[in-house]
Amino acid sequence: MDIKKAKARVNELHQELNHHNQLYYNDATQAISDSEYDTLMNELKRLEELYPELATDDSPTQRVGGAPLKEFKQIKHPVRMLSIEDIHELKEEQLIDGNSKTEHNLIEWHKKTLNALPSDQETFTVEPKIDGVAVSIMYEKSKLQYAATRGDGEIGDDITQNVLTIKSIPISLPKNAPRSFEIRGEIFMPNKAFEELNKIRSEEGEPKFINPRNATAGTLKQLDPGIVSKRPIDIIFHSFGLIDGYDLNTIEQYRNLLIELKLPVDNWFKVIKNSDQLRAAVIELDSDRHTFPYGTDGAVIKVNQIQSHELLGSTSKFPRWACAYKYRPEQGQTVLKAVTIQVGRTGVLTPVAELDPIFISGTTVSRATLHNQDEIDRKDIRIGDTVIIEKSGEIIPAVIKVNLDKRPKNTAQFDLYSHVNGKCPSCESNISREEGFTAWRCNSPACPDQLIAKLKHFGGRKMLDLDGLGISVAEKLVTSKLVKHPLDLFDLEQEQLANMELEPAKLNSGVKSKPRRFGEKKAGKLIESIQRSKDLPLSNWLHALGIPNLGESASKECSRVHASFKEILNSPILDQISERWKMENWLKNNSSKSKTNTKNTSTGEKKSLKSKEFRERINEINDNLDEYQISSELGGVACISLVTYLDSDAGKWSLDKLNKLNLNPISTNYAPVASDEEKKNLALSGTTWAITGTLSESRNHFKDLIEKHGGNVTGSISKKTTYLLAGQNPGSKIDKARTLNVTTLDEKKLSELISESQLVLDIETST
């Protein structure tokens, strides 16, 4: 793989991993299994090892977690809250273009860590890796001051009021506690409590939580502590941040201190002296963990001597004195009896495996997604096959592969199009697949399943947050023909909703409950939230409309450079990004290395001229868009989808409907680029900046500061870069800055530069 291909793949991995980080850390959900995520992350790590110049400071390999949510007050951690690096015991050979790479196993990590320490008599601790939500709790003079999520490692969300509902967390500690005591732990929902909660939600017609961690994260994100108090969450403490007024030598001593202070710790804890004991401990834990009242997916190993932690230090993401040994996901074999097809809100048809029920990782699995036709073809999955199911991370069931030894005779390859006779299973409309796309799609605007899914999406928490618009309500609104488009919700009256008869709920026994009315109270709440949504910002509305390939991040980025739908409708920015993407794709498919008809000289010359023309135009577009600093979240696919939607009958109808409803959503994060004339009067006008290292505030803070004073901030260093703002532990950017003779400044120098430059400008203006 050459550097060009590697760069393209690295960019793809950045986008994909950032997307899944957003889902996991901010939305409390998952689209892929832990093992699939680890595969993507390991691929990125290996590419960055092969090509160090591609290892940027904003790489997912350098990040700790998701950005803090805006709904909560922010708290800066006194000591960075790092993640722990995952280690897999078995060696797996991975090949990248002939370059062999071997994953480090647990025993190798242990030996490597010992070799880095002055004594080979160091001990290590082993404890369970609890599948929960990391939290930091600060006590001052024995009184609880605040509780915060990990956030991005430096700044987290203030969840104090929610944490105070957990009865095992004391409001005050004994007087012998450290003066300043930052305790870190894992908030979780016990397995039995999780099952009971889902049972209640099912009976009430509410969607079930995916898993205990998902339920815990969703609970902690509640703005109403009253709701949190009704959720059965708990905590186990395992590590510390700031400790003032107390000397601790070992992790074991710290654990004993927690026990002395009556703080909850895990009962399973071992101190080991060598690799044989380490191996035995993690094997023993693997056997014991299935009896624990909470989910675990690994073992956490730490250097016991705290003084050694300082000696070993940390990377930008992980401490070098700890690791997390990840257990292999539990697998099982079962028979794929049938394939059913689900229709999503964008019309995409998703095949679902219907399985002989199999008990795995504590639950019975009877269904698993098959993703799409390409994935089915790649794994050669057929109806009647015995398939290997993996519940990765003890969360998402997935079909890993087929046991070919057990394949029945005369099985046929699965073809989705033939399976549904070319018709949508929901509305019988013809299905189609666009060139270059894997998914089959129903394009009928009248498709009931699409509309139900669109309604559910429209009213989701990250969209318009419509209270009471669950799946059962959405289904009834569609089947009763009260709603033919999500925007029809704004025409509903409270009486219509109150008298709406819902389908009987199916109880756990299989018996259906009595038919039930929606009722005045619930109808009132829904109408109230519909009216309230009128004031939501443009980004929420963009996301709510369910435009294909336009997710939350892309919607926010779009509203950053457009103030309203009117601006989006006539946007040269979207047109140029779309144009650039099309040309880049053409160049990719018609590169000099691709197969061409060399006999036809005329065709080759035309392609060469076209390539030159496209590259020149791409450079021109890049120059035009450079000042906007648009993130990759608003890429070519998203822009094309948005432009196509707005130009379609459905898009035109939606905008017309918004006008009739007198709705004009406005951006709340709009950041227009200053004109050349305006920039002349700004302190950093004409300068281009890059940022690296750990700073006193988040990078976004300094990016906003620089741009506020007229400077441009880029993600990489080039000859065009004027200054590099560097904090502690700077990455590879500082070396590149030296090579290119780019001036490096710290925070103090940046502040001085702004002040001095502004003073000069003021003098020039006054004279």
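The values are calculated or read from the model by the stated rules, or taken from the named source; none is laboratory data. Everything quoted here is computed from the prediction, not taken from an experiment. Because the Cβ atoms are built from the backbone with ideal geometry, glycine has one as well, and the counts that use them run over all protein chains shown.
Just one of the listed residues (Thr296, Thr291) is more than 18 Å from Glu108 (Cα to Cα), free of Cβ contacts under 8 Å to residues at least 24 places away in the same chain and among the polar types (S, T, N, Q), and it is Thr291.
Based on what the data block shows, is Arg184 within 30 Å of Lys476 (Cα to Cα) and assigned by TED's automatic domain parsing to the domain that holds Leu242? Taking the combined requirement at face value, the residue does not satisfy it.
Pull out all pairs, ordered by first then second residue, where Cβ-Cβ is under 6 Å, the residues are six or more apart or on different chains, the first lies in the stretch 404-431 and is surrounded by 10 or more Cβ atoms within 10 Å (Cβ to Cβ), and the second is charged (D, E, K, R). Between residues of the stretch 404-431 that are surrounded by 10 or more Cβ atoms within 10 Å (Cβ to Cβ) and residues that are charged (D, E, K, R), the close pairs are Arg407/Asp385; Thr411/Arg382; Phe414/Arg382; Ser426/Asp449.
Given Ser578, Ser594, which one is within 29 Å of the chain's Cα centre (by Cα) and either at pLDDT 95 or above or within 28 Å of Glu434 (Cβ to Cβ) (or both)? If you could, list the steps in order and put the result at the bottom.
Values: Ser594 fails: within 29 Å of the chain's Cα centre (by Cα).
Answer to the check: Ser578.
For (1) part of a loop (DSSP other than H, G, I, E, B); (2) more than 21 Å from the chain's Cα centre (by Cα); (3) at pLDDT 80 or above, each residue gets a yes or a no:
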position	(1), (2), (3)
Asn11	no, no, yes
Thr29	yes, no, no
Glu36	no, no, no
Asp57	yes, no, no
Thr61	no, no, no
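Scan the stretch 323-352 for residues that are of a type outside the set (Phe, Trp, Tyr) and over 29 Å from Ile547 (Cβ atoms) and the total you get is 14. The helices (runs of 4 or more DSSP H) found entirely in the stretch 457-555 that carry 2 or more residues being modelled with pLDDT of 90 or more, within 30 Å of Asn669 (Cα to Cα) and not assigned by TED's automatic domain parsing to the domain that holds Val348 are 520-532, 538-544. As a summary of the residue check, Arg367 satisfies the conditions (1) surrounded by 14 or more Cβ atoms within 10 Å (Cβ to Cβ); (2) within 25 Å of the chain's Cα centre (by Cα); (3) touching a residue at least 24 places away in the same chain (Cβ under 8 Å) except for the one numbered (1).
Residue count for the stretch 159-197 satisfying the condition of being under 25 Å from Gly245 (Cα atoms) and of a type outside the set (A, V, I, L, M, F, W, C): 14.
Residues that are closer than 17 Å to Thr315 by Cβ, at pLDDT 80 or above, aliphatic (A, V, I, L, M) and assigned by TED's automatic domain parsing to the domain that holds Ser275: does the stretch 98-115 have at least one? Scanning the stretch 98-115, I find no residue that is closer than 17 Å to Thr315 by Cβ, at pLDDT 80 or above, aliphatic (A, V, I, L, M) and assigned by TED's automatic domain parsing to the domain that holds Ser275, so the answer is no.
Just a yes or no: is a residue in the stretch 405-413 of a type in the set (D, E, K, R) and in a helix (DSSP H, G or I)?
Quick first cut of the stretch 405-413, residues of a type in the set (D, E, K, R) only: 405-407, 409.
So of that shortlist, the ones also in a helix (DSSP H, G or I) come out as 405-406.
Scanning the stretch 405-413, I find at least one residue that is of a type in the set (D, E, K, R) and in a helix (DSSP H, G or I), so the answer is yes.
The conditions of being farther than 30 Å from Glu195 by Cα, modelled with pLDDT under 85 and buried (at least 18 other Cβ atoms within 10 Å of the Cβ) are not met by Ser559. Just to be sure, is Ile210 over 21 Å from Asp266 (Cβ atoms), of a type in the set (A, V, I, L, M, F, W, C) and buried (at least 18 other Cβ atoms within 10 Å of the Cβ)? No. Sort out which residues of the stretch 629-666 are surrounded by 13 or more Cβ atoms within 10 Å (Cβ to Cβ), charged (D, E, K, R) and under 22 Å from Lys484 (Cβ atoms), and write them in order of number. Listed by number, the residues that qualify are Lys652, Lys657. Residue pairs whose Cβ atoms lie under 6 Å apart, separated by 6 or more positions or on different chains, with the first residue in the stretch 563-583 and more than 25 Å from Asn619 (Cβ to Cβ) and the second assigned to a helix (DSSP H, G or I) and among the hydrophobic types (A, V, I, L, M, F, W, C), are Leu569/Leu646.
Across the stretch 138-162, which residue is surrounded by the most Cβ atoms within 10 Å (Cβ to Cβ) among those that are at negative phi and without any contact (Cβ under 8 Å) to a residue 60 or more places away in the chain? Explain how you work it out, then say what you get.
Within the stretch 138-162, the subset at negative phi is 138-140, 143-150, 152, 154-162.
Next, from what is left, pick out any that are without any contact (Cβ under 8 Å) to a residue 60 or more places away in the chain: 139-140, 143-145, 147, 160.
Numbers: Tyr139: 22, Glu140: 15, Lys143: 12, Leu144: 19, Gln145: 14, Ala147: 26, Thr160: 18.
Across the stretch 138-162, the extreme among qualifying residues is Ala147.
Of all the numbered requirements in (1) in a loop (DSSP other than H, G, I, E, B); (2) in contact (Cβ under 8 Å) with a residue 60 or more places away in the chain; (3) among the charged types (D, E, K, R), Asp449 misses one, and that requirement is (1).
Within the stretch 264-288, if we keep just the residues that are touching a residue at least 24 places away in the same chain (Cβ under 8 Å) and within 32 Å of the chain's Cα centre (by Cα), the residue that is surrounded by the most Cβ atoms within 10 Å (Cβ to Cβ) turns out to be Leu285. Residues in the stretch 556-571 that are among the hydrophobic types (A, V, I, L, M, F, W, C) and in a loop (DSSP other than H, G, I, E, B): 1 in all.
Residue by residue, here is whether (1) free of Cβ contacts under 8 Å to residues at least 24 places away in the same chain; (2) assigned by TED's automatic domain parsing to the domain that holds Gly731; (3) outside any helix (DSSP H, G or I) holds:
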residue	(1), (2), (3)
Gly604	yes, no, no
Ile618	no, no, no
Leu625	no, no, no
Tyr645	no, no, no
Tyr670	no, no, yes
Trp689	no, yes, yes
